[in-house]
Amino acid sequence: MYQPLRVVQITDTHLFADPHQVLLGCPTWVTLVKVLEHVQFFQPDVLLLTGDLSQDETPASYQNLVDLLRPLTCPIYWIGGNHDHMAPLTQQLTAGGLRPEKTFVQGGWRFILLHSPVPGAVGGTLTAGELAYLEEALHQSSEPTLIALHHPLFPVGSPWLDDSRLTNPEQFWHICDAHPQVKLVLCGHVHQERRWQRRGVTYLSSPSTCIQFAPQAQAFTLDTAFPGFRWLELDPQGTFRTGVTRVPCQWVVDARATGY
């Protein structure tokens, strides 16, 4: 009897070079440690990191991430976010043994990882080159497919966040609509759990491993929800199960924060 492929998505870790530094009151190194303890219990076959891995964009922050991930024995794939500096991110993670491939097949599923950050901007865009890469990857095979990128394609109902979602979702949909093997699209960026459906495809955002953003807030507002990660069980026939695991952590939220 087959076993489903067990996948974990971790996103928006916002690490610093100094493990003791905090983000709006949250010790991001400590909360990631606690999240990873629960991830290890899940025993994933694949780990996906979907951007904003650093807050200060330093090589040391990415090395901290590599060190924390070292106990995991599964292959780990990654993409950057708007808070990441791609040169040190690529160098440190590749040197640390994380996988550089942006498309791969495992457990009967094809995975496609897309780069959506725009230098100097908070929002995201899929360039012509990235869209061509997506189309070519989808042409290569007909396995059920999971796509991951940092920025969401849909609004979440918070104007301050929705201004920084993907600017060209229609171009993405134009390609995916011609390829019915696309089943799942994962994103980060919004620090909250959301789910959308479009033409048979499920779109999922996932909580951060540190601070959470309050849903439906008109302006920047932190939530009191715990950090977490998304788990998925993928069947080779293209069906799946998914959920979010929240990890109890204690710190004092900076309720006066108006951004970060």
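Of all residues in the stretch 74-93, how many are open to solvent by 20 Å² or more (accessible area, probe 1.4 Å) and either among the hydroxyl-bearing types (Ser, Thr, Tyr) or in contact with a Lys or Arg (Cβ under 6 Å, 6 or more places away or on another chain) (or both)? The total comes to 2. Considering the stretch 37-83, and only residues there that are of a type in the set (A, V, I, L, M) and touching a residue at least 60 places away in the same chain (Cβ under 8 Å), the residue that is farthest from residue 206 (Cα to Cα) turns out to be 46. Here 192, 237, 250 are screened, and the one residue that is out of contact with any strand residue (DSSP E or B) (no Cβ under 6 Å at 6 or more places or on another chain), without any contact (Cβ under 8 Å) to a residue 40 or more places away in the chain and not aliphatic (A, V, I, L, M) is 250. Looking across the stretch 245-260, the residues that are surrounded by 17 or more Cβ atoms within 10 Å (Cβ to Cβ) and within 20 Å of the chain's Cα centre (by Cα) come down to 245, 247.
Taking the stretch 196-214 as the range and being touching a Lys or Arg at 6+ places or on another chain (Cβ under 9 Å) and surrounded by fewer than 17 Cβ atoms within 10 Å (Cβ to Cβ) as the test, the residues that pass are 200, 202.
Of all residues in the stretch 75-103, those that are closer than 21 Å to residue 8 by Cβ and over 17 Å from the mean Cα position of the chain (by Cα) total 4.
Going by what's in this entry, would residue 56 be described as modelled with pLDDT of 95 or more, part of a loop (DSSP other than H, G, I, E, B) and open to solvent by 40 Å² or more (accessible area, probe 1.4 Å)?
yes
Residue 63 fulfils the conditions (1) in a loop (DSSP other than H, G, I, E, B); (2) open to solvent by 30 Å² or more (accessible area, probe 1.4 Å); (3) under 18 Å from residue 209 (Cα atoms) except for a single criterion, (1).
Close contacts from the stretch 138-160, counting a first residue that is of a type outside the set (A, V, I, L, M, F, W, C) and a second that is surrounded by 15 or more Cβ atoms within 10 Å (Cβ to Cβ) and assigned to a helix (DSSP H, G or I), with Cβ to Cβ under 9 Å and a gap of 6+ residues or different chains, come to 145/137; 145/138; 145/176; 152/161; 152/169; 155/161.
Residue 48 fulfils the conditions (1) at pLDDT 95 or above; (2) out of contact with any Phe, Trp or Tyr (no Cβ under 6 Å at 6 or more places or on another chain) except for a single criterion, (2).
Scanning the stretch 5-43 for residues that are open to solvent by 40 Å² or more (accessible area, probe 1.4 Å) and of a type in the set (Phe, Trp, Tyr) returns 29, 41.
Screening residue 183 with (1) touching a Gly at 6+ places or on another chain (Cβ under 6 Å); (2) open to solvent by less than 50 Å² (accessible area, probe 1.4 Å) gives one miss only, at (2). Here residue 172 clears all of (1) under 15 Å from residue 81 (Cα atoms); (2) buried (at least 16 other Cβ atoms within 10 Å of the Cβ) except the condition numbered (1). Counting only residues that are modelled with pLDDT of 95 or more and either of a type in the set (Val, Ile, Thr) or open to solvent by less than 30 Å² (accessible area, probe 1.4 Å) (or both), the stretch 124-145 holds 10 of them.
Applying the criterion of being in a loop (DSSP other than H, G, I, E, B) and touching a helix residue (DSSP H, G or I) at 6+ places or on another chain (Cβ under 8 Å) to the residues of the stretch 218-247, the residue that is nearest to residue 195 (Cα to Cα) is 227.
The values are calculated or read from the model by the stated rules, or taken from the named source; none is laboratory data. If you're wondering where the values come from, they're calculated on a predicted model, not measured in any experiment. Note that each Cβ is placed from the backbone with ideal geometry, even for glycine, and that neighbours are counted across all protein chains shown. Each accessible area value is taken on the protein alone, full model and side chains, heavy atoms only, with ligands, DNA and RNA left out. Shrake-Rupley method; radii C 1.70, N 1.55, O 1.52, S 1.80 Å.
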